[in-house]
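The values are calculated or read from the model by the stated rules, or taken from the named source; none is laboratory data. Just so we're clear, the structure is a prediction, and the values are computed from it rather than from any experiment. No Cβ is skipped: glycine too gets one built from the backbone with ideal geometry, and neighbour counts run over all protein chains shown. We work out accessible area using only protein heavy atoms, side chains counted, and drop any ligands, DNA or RNA first. Shrake-Rupley method; radii C 1.70, N 1.55, O 1.52, S 1.80 Å.
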Amino acid sequence: MGKGLKRGLIFGLIATALVAIYVWVRHRPDTIASYAEQLSNSLFQIGLILLIFGVVIFTRLFSFRRRYNLPAIIPKGKTPEDHKEMVAEDLEKNEKDKVELAEKGRDATFLFAALVTIIISILLTINQIL
């Protein structure tokens, strides 16, 4: 988990730097206040995108059907042998997921990167609120 936080911090700062350069080159703002506002808006959008990716990866969203033994919407095989083979593959993948989760933990890189970019976005507009 600690490795994911460090990577997330680095990833969030790199994303912030890239967005700052992009906003400067693309919009050429006149004042620092307008630059901060445009940068804040762009960073918030990037933060939301990173949050979506982070939630999908952290919750292992695309393997929930297999992990909870839910039936497939479109069955892969029609014969009982194919069904038994599919169930055996699912059980093997579940065991592999359990081992991987125990070894590596959940990857919070994108979640922490989203947190960093959203906090920076809020800090850029704090002077406009006050």
Query - Unmet criterion (only one of (1) at pLDDT below 90; (2) surrounded by 13 or more Cβ atoms within 10 Å (Cβ to Cβ)) for residue 13 - result: (1)
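Provide a single number: the residues in the range 21-52 that are in a helix (DSSP H, G or I) and open to solvent by 20 Å² or more (accessible area, probe 1.4 Å). Don't jump to the end; show me each part of the working.
From the range 21-52, those in a helix (DSSP H, G or I) are 21-27, 32-52; that's our starting set.
Among the residues that remain, those that are also open to solvent by 20 Å² or more (accessible area, probe 1.4 Å) are: 21-22, 24-27, 32-35, 37-38, 41-42, 44-46, 48-49, 51-52.
So the count comes out to 21.
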